[in-house]
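Colleague: Would you mind keeping the following structure in view while I ask a few things?
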Amino acid sequence: MNVLTGDVPASVAGDVDAVGARPWKSRVREFICVGGLTPLLFPLSWLLRRSFGLDAPEYAVGFLFFYGAYLVNDPHFAVTYLLFYRDARARAFGDAFSGAQRARYVLAGLVVPAALGGWALTALVTRSAVSLGFLIQLMFLLVGWHYVKQGFGVLTVLAAQRGVRWTARERFVLLAHCYTGWAYAWASPADLGTDVEEKGLVYTTFAHGAGLERLTHVVFLSTILPLVWVLVQKRRREGGLPIFTPLVAFLCAIWSWTIYSSIDPLVRYMTPALHSLQYLYFVWLLRGAEAREQEGPPWFRRSAAVRLGWLAVSSVALGCLLFHLAPSALDDALVPHRAGISRPLGPTPYFATLYAVVNIHHYFMDFVLWRRENPETRYLRARV
C-alpha cells in the first residue's frame, strides 16, 4: 500500500480525537493489525525452537501459514482488484479522477496488465524459462519497494490521525530510510548468479557482487542517524508524539519484513501474513467508514456489516480463483505430463506466471488506490 504515500487529506489531523480518548480495545486492535505483533514473535519463535527443536515448530508454523494464506494473503491481493476496478469507466474515462490520477489509473489498470500479459504469454508460448525467470525476478525486486512504501504510508496516515504531520524535509528522511532499506534488502546477500526454483520454474538469478551489497549497506546505515535526529527534533519541537504504533509499523515493515526477513526460521513464514493483515486493516478502515456513511440518507444502502461481509467473501473467492483454481486448471490442461516429454518451464508454469503477474500488478494498483488524489481516501480519517 503506497498511501498512502503519505499523501493524506490535509483535514485528517483536525478531524480526530486524541489517541488517548479511544477505547483501549481499538488501540490494541490497531497495534496488532499494523504489525505490532512482529517484535513479540521473535521471542515466541525462540521459545518454540528451544523447547521442541526446529523441525516440529517449522512444520507446524509452515503448515498453518500455508493454509492461512487462503484467508489472509490471497484475499489481500484479490481485494485490490475489487477496489481498483470499481467504477472503472468513470475513473479511466469519466470525471471520477482528474489529471495525473486518471493517467495513473489508465497506466496501472490498462497498460500494465496488457504489458504483463503479453510478456507472460510470450514466455509461455516460446517456452522460455529465461523470460519467465525475468518476470519472477521483477516481482522479487518490486516486493521490497511495496513493503517499505506500505510501511511509510501506515506511519503517515496513522500519525495524521493523531494530529502529527510531517514536513517535506521529514518526509524526505523517512523515505530515504525506506528506499535505501529496499535497495540493501535486494542487494543482500551478494549473488554471482544462482540456479533457483520458484513455483516449479528453474531460472538463473541476476548477478550482483559483494561491492553492491556493501555500498547499499553503508548508504542504508547512513540514513539511521538522520531518522533518529528527525524524531528527536520533532519531539522537542512539538512535545510528546503519540506515534508509538505508527512508528512500530514503519520500522517492522523495513527492518523485519524487508531487510532481515530471513533472520528467524519461523517468523519468515509469518511475514507475508503480517504484511497482508496490515493491508486488510486499512481496507477495513476505508470501506467500513464508507459503508457506515452510506447506510443513511441519501443512499440508504445495505448495512455496513453485510457489505463488508460480501467484500470479505468475494476476496476469499477471487483469491482462491487467482492462486489455486485457475493455475491448477491451466497446468492440468496445458502442460504435458507424459514421461519423456521435456518441460523446460517445470510442472506448473501457469501457477508461476499467474503468481508473478498478480503480485506485480498489485503493486501498481496500490500506487493508484492509496493516494490523496483518490477521493475515497477521505474515509481514512474515520477512527473505529
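We did not get these values from a lab; they are worked out from the coordinates using the rules stated. Note that the structure is predicted; figures quoted are calculated from it, not measured. Reconstructed Cβ throughout: ideal geometry from the backbone, glycine too, with neighbour counts over all protein chains shown.
Colleague: Considering Cα pairs under 8 angstrom that are at least six residues apart, work out the relative contact order of the chain and quote it in whole percent.
Modeller: 36 percent
Colleague: Separation of the stretch 24-46 and the stretch 165-187 by C-alpha centroid, Å?
Modeller: Answer, in whole Å: 24.
Colleague: Dipole size in debye (nearest 20) for the stretch 246-384 around its Cα centre, Lys and Arg Cβ +1, Asp and Glu Cβ -1?
Modeller: Dipole of the stretch 246-384, to the nearest 20 debye: 280 debye.
Colleague: Next question, about the same structure. Do the sum for the chain: with -39,500 (n - 2.57) for every DSSP H run of n ≥ 4, divided by all residues, what is the mean residue ellipticity at 222 nm, to the nearest 500 deg cm²/dmol? Walk me through the numbers on the way to the answer.
Modeller: Values: 16 runs with 239 residues, N = 384.
Estimated from H runs of four or more residues: -20500 deg cm²/dmol.
Colleague: Among GLY309, GLY239, GLY118, whose mean-square fluctuation peaks in a Gaussian network model of the chain (Cα, cutoff 10 Å)?
Modeller: Looking only at GLY309, GLY239, GLY118, the largest GNM fluctuation is found for GLY239.
Colleague: So for the pair ARG302, LEU325, with labels modelled 7 Å out along Cα→Cβ, what separation do we get in nm?
Modeller: 1.8 nm
Colleague: What's the Kirkwood radius of the stretch 47-168 in Å, using all Cα pairs?
Modeller: Result for the stretch 47-168 stands at 18.8 Å.
Colleague: While we're looking at this one, here's another question. Tell me which aspartates and glutamates have Cα within less than 16 Å of LYS149's Cα, excluding those fewer than 8 residues away on the same chain?
Modeller: ASP7, GLU170, ASP366
Colleague: Once you charge only the Cβ atoms, +1 for Lys and Arg and -1 for Asp and Glu, what is the size of the charge dipole of the stretch 13-381 about its Cα centre, to the nearest 20 debye? Don't skip to the answer; put the middle values down first.
Modeller: Numbers: 35 positive and 24 negative charges, 240 e Å.
Magnitude of the dipole: close to 1160 debye.
Colleague: Students often get this wrong, so try it: which of (i) 21.9; (ii) 19.9; (iii) 24.1 is mean projected area of the Cα convex hull in nm² as calculated from the structure shown?
Modeller: Checking each listed value against the structure points to (i).
Colleague: Something else: I need VAL106, VAL61 ordered by Cβ neighbour count within 10 Å, fewest first.
Modeller: Lowest count first: VAL106, VAL61.
Colleague: Give me TYR203, TYR67, TYR85 sorted ascending by neighbouring Cβ count inside 10 Å, so fewest comes first.
Modeller: In order of increasing Cβ crowding within 10 Å: TYR67, TYR85, TYR203.
Colleague: Fewest Cβ neighbours within 10 Å first, please rank ASP74, ASP191 accordingly.
Modeller: ASP191, ASP74
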